[in-house]
1. Write down the Å³ per residue value for the convex hull defined by the alpha carbon atoms of the range 369-508.
2. Can you list residues from other chains, or at least 5 along the same chain, whose modelled amide H is less than 5 Å from the amide H of I167?
3. Compute the whole-percent fraction of alpha carbon pairs in the range 1-44 spaced more than 17 Å apart.
4. Tell me, what HN-Hα J-couplings in whole Hz come from the Karplus equation 6.51 cos²θ - 1.76 cosθ + 1.60 at θ = phi - 60° for each residue of the range 466-472, using x for Gly and Pro?
5. Could you give the angle, 0 to 90 degrees to the nearest 10, between helix 411-424's Cα long axis and the longest principal axis of the Cα atoms of the chain?
6. Would you work out if the range 299-442 is rounded, prolate or oblate? Take a ≥ b ≥ c from the square roots of the eigenvalues of the alpha-carbon gyration tensor; rounded if a/c is under 1.5, else prolate when a/b is larger than b/c, oblate otherwise.
7. Could you list, in their original order, any pairs among K141/K315; K45/K133; K255/K281; K288/K331 whose Cα atoms are separated by more than 23 Å?
8. Calculated FRET efficiency, T13 and L370, Cβ-Cβ r, R0 45 Å, to nearest 0.05?
Amino acid sequence: MSSEFILEMRNITKEFPGVRALDNVDFKVRKGEIHCLVGENGSGKSTLMKILSGFYPYGEFDGEIIFEGKKQKFRNIHDSEKIGIVTIYQELALIPEMTVYENIFLGHEIVHGKFINWNETITKAKEVLAHIKPDLDPSIKVKDLGVGHQQIVEIAKALSKNVKLLILDEPTSSLNEEDSENLLKIIKNLKEKGITSILITHKLKEVIEVADSITVLRDGKMIARIDNKEEFTENNIIKYMVGREIQDIYPKRKKREFGEKIFEVKNWKAYDPKLERYVVKEANFYVKKGEIVGIAGLMGAGRTELALSLFGNAKDYIVEGEIYFDGEKRKFKSPNDAIKAGFAYLSEDRKNTGLILDFDVKTNITLAGLNQLKRGLFIDENKEVIVSNQFKEYLKIKTPTVEQKVMNLSGGNQQKVSIAKWLFVKPKLLILDEPTRGIDVGAKYEIYTLMNKLVEEEGMSIIMISSELPEVLGMSDRIYVMSGGRIVGELGRDEATQEKIMEMAVEY
Ligand code: ADP
Ligand code: MG
């Protein structure tokens, strides 16, 4: 008996030490559809897909997988690929030094006798690419491609394996608008050819655009399957994801009077000796006590460079200009110097510079403020545990214990750990650089709520750098716009609109 479903996963339960990642999940996908799988970070999406792909083999989970009407017992990824289930992972698995065609056929090379047939490989690579990106030259090295094109190579690789069910785990989270649009178009084209896709994304706009049906997971449980297109609205999906209605994604702040200027920057310039040019050409701005100041601008406008150069990164930038902090003229010789003065910077790129993923939660939280834990020559380990648990409570960090390695936490929870790390040093001024990039709506809402609490209750001041205009508008008391290395404009909360910001942000 043939079923309309190409895939049925029944009663799937998967435990890790201390967490039940999946709890009796039923998941079904129709033949030929684009099925979107959504849920907050940590809700179990990737784990479910790793079970489907055989990454977690049969026996390491409870429940069953039916693919094309047959019960499957995958021992590894190879088993699932053999019958047409191919996954493109969150972290790309390409070899940068190899060409596009070598990557496409890596692991399933076209051989004649003992040797790889390169001519045929190139021809086949072109054939596969013709379906999705005809103008991409297969002999280019992958390292010379942008992320958008690298994703396309991954898809080409999947197609070369005769894929029937393509799984994409957050493929657009590192892509810009244009590349994301292209990728979605490709997935839609594949659908025309009869290929079924499962798409994981936290961008609800994309879900609404491409989905034929949607499954929502929350805390490892299957919460809803939405088939009716009329129910594909952001509000509806968010409600299922977070388990409550969020009226307003940006929590309201009380109307407040601000204190005196805590931070002022005059005639600031930063020269990058590696690039041999000024990355910040002119910045004049201030922040008052208790204020959230947004810095908007396009990619490359110099926002992160402004923050880093102010933060005492003397090795990377030659700076000119004046900083007044907490009533005094200051010159920060190093980030440590800035931290001591009460200035903290939460970096945009938390994977590379923010956290040590291999270390546990408590070590990461206390790393920048170890002097507070010193007892004589030693670190007071009891205090370390107590303090980290306080932050775990305060920020609702989802982890079984503070001894968990940070790499086992979801993106949103990793972000909370980096915020905790900076809160522990009790800064007067906190710079948050793209604080909600790559995290889901629920965690975003919690971070916004926390920002409000910090300025309202702790009298902290915040500079928020963000590329998401709704976020800048929703959270800032005042907004500066950067363009081409300069602060080119200032807007008050009440006068600011997306159009006004964009007008200032584009370079002429
Ligand atoms: P999602 O993809 O929806 O963000 P995941 O499937 O990655 O969520 O994670 C689900 C839950 O399982 C989370 O609580 C996560 O911390 C936990 N988890 C995932 N992988 C591991 C692992 N290898 N070891 C321990 N816990 C894990
Ligand atoms: Mg995931």
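1. Per-residue hull volume (Cα only) is 142 Å³.
2. V86, T87, I88, I198
3. Details: 424 of 946 pairs.
Counting every Cα pair in the range 1-44, those more than 17 Å apart make up 45 percent.
4. Using θ = phi - 60°, the values come out as 8, 8, 8, 4, x, 5, 4 Hz.
5. 20
6. Details: a/c = 2.21, a/b = 1.35, b/c = 1.64.
Judged from the Cα gyration tensor, the range 299-442 comes out oblate (a/c at least 1.5, b/c at or above a/b).
7. Working: K141/K315 32 Å; K45/K133 29 Å; K255/K281 34 Å; K288/K331 19 Å.
Among K141/K315; K45/K133; K255/K281; K288/K331, the Cα-Cα distance tops 23 Å for K141/K315; K45/K133; K255/K281.
8. Working: r = 41 Å, r/R0 = 0.90.
For T13 and L370, the calculated efficiency is 0.65.
The values are calculated or read from the model by the stated rules, or taken from the named source; none is laboratory data. Quick caveat, the model's predicted, so the values are computed rather than measured. Glycine gets a Cβ as well: all are built from the backbone with ideal geometry, and neighbour counts include every protein chain shown. We work out accessible area using only protein heavy atoms, side chains counted, and drop any ligands, DNA or RNA first. Shrake-Rupley method; radii C 1.70, N 1.55, O 1.52, S 1.80 Å.
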